[in-house]
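To start, the structure under review is shown below, and the notes come after it.
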Amino acid sequence: MTIIHTDRLHREFTVGTRLRRRRVTAVADVTLTVEPGDAVGFLGPNGAGKSTTIKMLTGVLVPTSGWARVCGLDPVRQRRELARRIGVVFGQRSQLWWDLPLVESFDLHGAIHRVPSARFRERLDECVQLLDMAPFLATPVRQLSLGQRMRGEVTAALLHSPRLLVLDEPTIGLDLASKERLRGFLSTVNARGDVTLLLTTHDLPDVERLCRRVIVIDRGRVLVDDELSTLRARFAGNRALVVELTEPIPPLLGLPGVVDVSVQAQGLRQRLEFTQAVNAAELIAAVAARAPLRDVAIAEPSIEDLVRALYATEDSPAR
Amino acid sequence: MLAPYPQLVRAGYRRHASYWQASLGGVTANVVFGLLRGAILIAVLAQRGSVAGYDTAVAVTYVWLGQGLIGVVLLWGDTELSQRIRTGDVVIDLSRPWNLQAAMLATDLGRAGHAIGARLLPPMAFGALFFPLRWPEHPITWILIAAAVPLAVTVSFSIRFLLNASAFWLLDARGALAVWGATSGVLGGLVLPLSWYPSWARAVLAWTPFPALFQFPIDVFTERGDAFTLITKQLVWAALLLAAGQVVLARGTRRLVVQGG
């Protein structure tokens with residue numbers, strides 16, 4: 001059975017003060033389908049309509065028009081039934097009980113979802129082990145670090161074995177090690193095939209690690225819905241090599257594949273933008289041959305760059 | 001593993017048990033104000049002997065039970081739901097397979113259960129040590145008060161729930177909650193016994209849920225009036241107000257605008 005199916009899902013908001021009201025379209029005619037076991041990255045800049053779409057899919061927000069089915073249910077009318085079949089993690093909000101030890105939040109979650117004791121134990125033990133939570137199970141949630149709390153959030157969302165796990169910016173604010181641990185865990189969970197993932201993020205590595213498919217949304221509209229690999233090949237922007245030099249030198253012009261050079265710090269730092277066709281290692285070697293290097297860094301194109309590139313293409317009259 | 005709502009009662013209890021300093025502060029304030037109120041009522045009764053059936057023993061029992069019930073029935077400071085609507089955190093509460101009102105009631109009953117030990121018994125013990133309290137004459141009163149207090153909590157909860165739910169429309173329930181905080185004690189019989197009020201005021205209040213908050217449980221304990229009638233009235237108000245809360249919640253949810261992210 002299809003996990004998510006929407007047809008021209010649409011939501012408007014009224015914003016402004018009493019005197020000056022206007023209608024804003026947050027989500028405009030979003031039509032999409034997600035199949036079981038899929039792992040979908042739901043991308044777009046701030047205000048693109050990602051969270052609004054998610055809230056309509058979970059039934060907490062009523063669509064202005066359009067239609068949605070999640071796990072075969074009408075999200076608004078069957079919200080409670082749907083809540084038994086999906087798990088939701090909002091990176092900026094907590095579903096744990098602030099004043100209670102983490103493990104008691106899990107107990108409560110299990111009770112609210114009426115998870116049978118044996119299965120609850122099994123599921124919890126597995127999460128505790130995979131996410132290394134044993135040292136802080138007895139700590140009140142308010143005393144946990146953000147990284148520890150997010151591990152708790154994801155566990156709570158999975159205890160009732162949901163068929164769909166919706167993650168709204170789950171790695172926001174986490175350090176690199178915590179992000180990597182969470183990604184590893186989610187990828188393990190998804191690989192078993194019984195949980196479908198729908199993930200919003202601004203972090204490209206989240207998507208690369210977890211998602212096979214990407215939906216890009218901007219100003220409420222779906223711009224692209226495609227396999228990640230296809231998308232990268234079609235739209236990925238240029239990468240940039242930032243080199244720190246031991247002494248100032250003139251701009252490093254004329255290197256193969258470099259489309260733009262900008263000089264910073266009086267020539268001590270230079271930023272070379274290069275196309276996807278160029279091998280970064282060879283480019284670094286070429287630079288090293290011409291100038292003494294102190295440090296190098298490679299900047300990947302951000303989601304925002306990708307979206308901007310997509311948006312420009314969509315808008316161009318050539319299409 | 002317990003069923004969901006009993007588990008939430010337990011969580012409500014545990015949640016408040018972790019803040020014993022707050023309970024201690026609350027009890028201290030209740031005792032200090034109890035001494036003041038007790039002194040005033042005793043002074044009044046010293047002049048007049050008895051007012052509307054209140055002699056000194058009934059009056060001091062009224063004061064100390066009332067001071068203890070403040071923290072149990074809870075009139076002030078419950079802004080949780082309106083805050084969660086305001087910040088948008090209510091999406092979490094609405095994404096759970098429960099009835100939100102029932103879940104919050106269960107948690108509040110757990111809180112009240114903790115408050116009976118932490119907020120009701122200490123002022124009563126203090127009152128019993130230093131004042132001639134009037135204890136129930138009939139053993140059945142102990143059973144009746146065990147029903148009247150949870151019912152008072154339920155009525156109080158269902159009014160607080162309605163006031164907080166106004167944030168679905170107003171986004172800010174602080175005004176409504178402030179009015180409630182300022183008037184509920186006077187209207188509920190916490191500040192003065194309602195039987196001391198003019199007859200027109202008593203006639204009006206008889207049609208409101210306010211006496212069910214303090215006056216009824218205190219009357220049950222001091223064995224004034226028919227306890228079964230009082231408890232029945234509490235039951236009816238609790239049912240009406242909870243039903244109203246369900247309607248408001250359903251409507252509020254449908255017009256919810258989630259704030260931020």
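A count restricted to region B:46-62 and to residues that are part of a helix (DSSP H, G or I) and more than 19 Å from residue B:122 (Cα to Cα) stands at 4.
Of all residues in region A:122-132, none are crowded, with 20+ Cβ neighbours inside 10 Å, within 23 Å of the chain's Cα centre (by Cα), more than 9 Å from every other protein chain (Cβ to nearest Cβ) and assigned to a loop (DSSP other than H, G, I, E, B). Among (1) polar (S, T, N, Q); (2) in a helix (DSSP H, G or I); (3) more than 14 Å from chain A (Cβ to nearest Cβ); (4) surrounded by fewer than 22 Cβ atoms within 10 Å (Cβ to Cβ), where does residue B:246 come up short? So residue B:246 meets the others, but not (3). The set of residues in region A:34-48 being surrounded by fewer than 24 Cβ atoms within 10 Å (Cβ to Cβ), assigned to a loop (DSSP other than H, G, I, E, B) and in contact with a strand residue (DSSP E or B) (Cβ under 7 Å, 6 or more places away or on another chain) consists of A:36, A:37, A:38, A:45, A:48.
On the stretch given as region B:13-38, residues that are facing another protein chain (nearest Cβ under 10 Å) and either surrounded by 20 or more Cβ atoms within 10 Å (Cβ to Cβ) or charged (D, E, K, R) (or both) total 3. Filtering region B:129-141 to residues that are surrounded by 15 or more Cβ atoms within 10 Å (Cβ to Cβ) and assigned to a helix (DSSP H, G or I) leaves only B:141.
You will find that of A:298, A:215, the residue that is among the hydrophobic types (A, V, I, L, M, F, W, C), under 28 Å from the mean Cα position of the chain (by Cα) and within 30 Å of residue A:35 (Cβ to Cβ) is A:215 and no other.
Being part of a helix (DSSP H, G or I), more than 14 Å from every other protein chain (Cβ to nearest Cβ) and closer than 24 Å to residue B:159 by Cβ holds for only one residue in B:111, B:84, B:119, and it is B:119.
On the basis of being crowded, with 18+ Cβ neighbours inside 10 Å, of a type in the set (Gly, Ala, Ser) and over 30 Å from residue B:98 (Cβ atoms), does residue B:238 make the cut?
No: the conditions fail for residue B:238.
For every residue, the table says whether it meets (1) in contact with a Leu (Cβ under 6 Å, 6 or more places away or on another chain); (2) aliphatic (A, V, I, L, M); (3) modelled with pLDDT under 95.
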residue: B:138; (1), (2), (3): no, no, no
residue: B:157; (1), (2), (3): yes, no, no
residue: B:166; (1), (2), (3): no, no, yes
residue: B:176; (1), (2), (3): yes, yes, yes
residue: B:183; (1), (2), (3): no, no, yes
residue: B:189; (1), (2), (3): no, no, yes
residue: B:195; (1), (2), (3): no, no, yes
residue: B:210; (1), (2), (3): yes, no, no
residue: B:216; (1), (2), (3): yes, no, no
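Taken together, the residues in region B:51-75 that are without any contact (Cβ under 8 Å) to a residue 12 or more places away in the chain and crowded, with 17+ Cβ neighbours inside 10 Å amount to 0. Candidates in region B:92-102 are the residues that are surrounded by fewer than 19 Cβ atoms within 10 Å (Cβ to Cβ) and in a helix (DSSP H, G or I); of these, the one that is nearest to the other protein chains (Cβ to nearest Cβ) is B:92.
Within this structure, residue A:28 fails the test of being over 30 Å from residue B:14 (Cβ atoms) and either within 12 Å of chain B (Cβ to nearest Cβ) or crowded, with 19+ Cβ neighbours inside 10 Å (or both). Going residue by residue through region B:16-25, is there one that turns out to be part of a helix (DSSP H, G or I), within 30 Å of residue A:80 (Cβ to Cβ) and touching a residue at least 24 places away in the same chain (Cβ under 8 Å)? Checked region B:16-25: at least one residue is part of a helix (DSSP H, G or I), within 30 Å of residue A:80 (Cβ to Cβ) and touching a residue at least 24 places away in the same chain (Cβ under 8 Å). For region A:170-177, the criterion of being over 26 Å from residue A:38 (Cα atoms), assigned to a helix (DSSP H, G or I) and in contact with a Gly (Cβ under 9 Å, 6 or more places away or on another chain) is satisfied by no residue at all. Checked against (1) over 17 Å from the mean Cα position of the chain (by Cα); (2) acidic (Asp, Glu); (3) buried (at least 19 other Cβ atoms within 10 Å of the Cβ), residue B:78 passes all but condition (1).
Scanning region A:61-109 for residues that are surrounded by 19 or more Cβ atoms within 10 Å (Cβ to Cβ) and polar (S, T, N, Q), we see that the one that is farthest from the other protein chains (Cβ to nearest Cβ) is A:105.
The values are calculated or read from the model by the stated rules, or taken from the named source; none is laboratory data. In this text, all values refer to a predicted model and were calculated from it rather than measured experimentally. When we count neighbours, we look across all protein chains shown, and the Cβ atoms used for this are built from the backbone with ideal geometry, even at glycine.
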